[in-house]
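Step one of this worksheet: look at the structure below.
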Amino acid sequence: MISIQEVTKRFQDKKKSITALNHVSFSIKKGETVGLLGENGAGKTTLLRSIATLLQPTEGSILVDQIDTKVNPSAVKSKIGVLFGGETGLYERLTARENLEYFATLYGLGKHETKVRIDDLAKMFGMRDYLDRKVGGFSKGMRQKVAIARTIIHNPDIILFDEPTTGLDITSSNVFRQLVHQLKNEGKTICFSSHIMEEVSMLCDSVAMIHKGELIHHGSLEQLYQLEGSRDLNYIFMSKLIRGGDKYAS
């Protein structure tokens, strides 16, 4: 479903070149849920933005459902839903409903389908009480719920989440986790970054660990647990960083 092939991304900062991703390669199967792990600045968001066609790799290629993100970004965008941490993409002067209607229109949904989707999502996320209020007065958690609903309003096959539970309280975080379980049952392909190891352990089939722009591990969680002799993902992750990943593992 998603094939990442020798992807390198460099940014030019004045006279200095910064390598955010360095020859990263791995694939995500259809219907798989992958957790993207790494410290702040490791390259997780750069990778997600590259998959979403918001950035182009300096080298290498990314195929989404066999479509090259460089060659046909519009076709890729129609297949994915994207939510980046701290960027809700909502219009504050519009109500939550009006925001969702606007994004539904961008994705070509009809009026009836839009109404049904909004009603379903409002019920799922407990947004009915403020669905017709302007987003400008919302709390961070309320905005995040609407942003997640906006991400999946068009029922995409592939969903990319960057720190999706940022700003959510315990109840709202549980709603998100239930949503992921539902999306998995529907056969959706999901890739999300998170610092919450419990969340990754609970929701993901596999993990991809990135450190300083390099992929240091990719594989199923069960294989990782067996390899490391532990089911403590936080311990395993820190151990991988110390050892430098699979290349230097003893």
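The values are calculated or read from the model by the stated rules, or taken from the named source; none is laboratory data. Since the structure is predicted, the reported quantities are computational estimates derived from the model, not experimental observations. Heads up, the Cβs are rebuilt from the backbone with ideal geometry, glycines too, and the neighbour counts pull from every protein chain shown.
A few comments on the model shown:
- Any hit, region 151-168, residues being without any contact (Cβ under 8 Å) to a residue 40 or more places away in the chain and of a type in the set (D, E): no
- For S25: the one exception among (1) surrounded by 13 or more Cβ atoms within 10 Å (Cβ to Cβ); (2) within 21 Å of K240 (Cα to Cα): (1)
- Any pair with Cβ under 8 angstrom, 6 or more apart, that starts in region 3-15 at a residue that is more than 26 Å from I28 (Cα to Cα) and ends at one that is assigned to a strand (DSSP E or B): Q12/I18
- Subset of region 16-35 (residues that are in contact with a Cys (Cβ under 9 Å, 6 or more places away or on another chain) and part of a loop (DSSP other than H, G, I, E, B)): E32
Residue-wise test of (1) more than 16 Å from the chain's Cα centre (by Cα); (2) on the phi < 0 side of the Ramachandran plot.
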residue: E32; (1), (2): no, yes
residue: E39; (1), (2): no, yes
residue: L47; (1), (2): no, yes
residue: S50; (1), (2): no, yes
residue: T53; (1), (2): no, no
residue: E59; (1), (2): yes, yes
residue: I67; (1), (2): yes, yes
residue: V71; (1), (2): yes, yes
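- Residue match in region 132-142 (condition: within 29 Å of Y91 (Cβ to Cβ), among the β-branched types (V, I, T) and in contact (Cβ under 8 Å) with a residue 24 or more places away in the chain): yes
- T171 falls short of the stated requirement of being at pLDDT below 90 and surrounded by 20 or more Cβ atoms within 10 Å (Cβ to Cβ).
- Lone qualifier among K115, K184, K145, K123 - being over 25 Å from G38 (Cβ atoms), basic (K, R) and touching an Asp or Glu at 6+ places or on another chain (Cβ under 9 Å): K115
- Those strands (runs of 3 or more DSSP E) lying entirely in region 138-250 with at least 1 residues in contact with a Pro (Cβ under 8 Å, 6 or more places away or on another chain) and not assigned by TED's automatic domain parsing to the domain that holds R97: 189-193
- Whichever residue in region 40-53 is over 15 Å from N22 (Cβ atoms) and touching a residue at least 12 places away in the same chain (Cβ under 8 Å) and, among such residues, is surrounded by the most Cβ atoms within 10 Å (Cβ to Cβ): I51
- Pick from region 55-70, criterion hydrophobic (A, V, I, L, M, F, W, C) and within 18 Å of T189 (Cβ to Cβ), ranking: surrounded by the most Cβ atoms within 10 Å (Cβ to Cβ): V64
- Hits in region 149-198 (condition: over 12 Å from the mean Cα position of the chain (by Cα) and polar (S, T, N, Q)): N155, T166, T171, S172, S173, N174, Q178, Q182, N185
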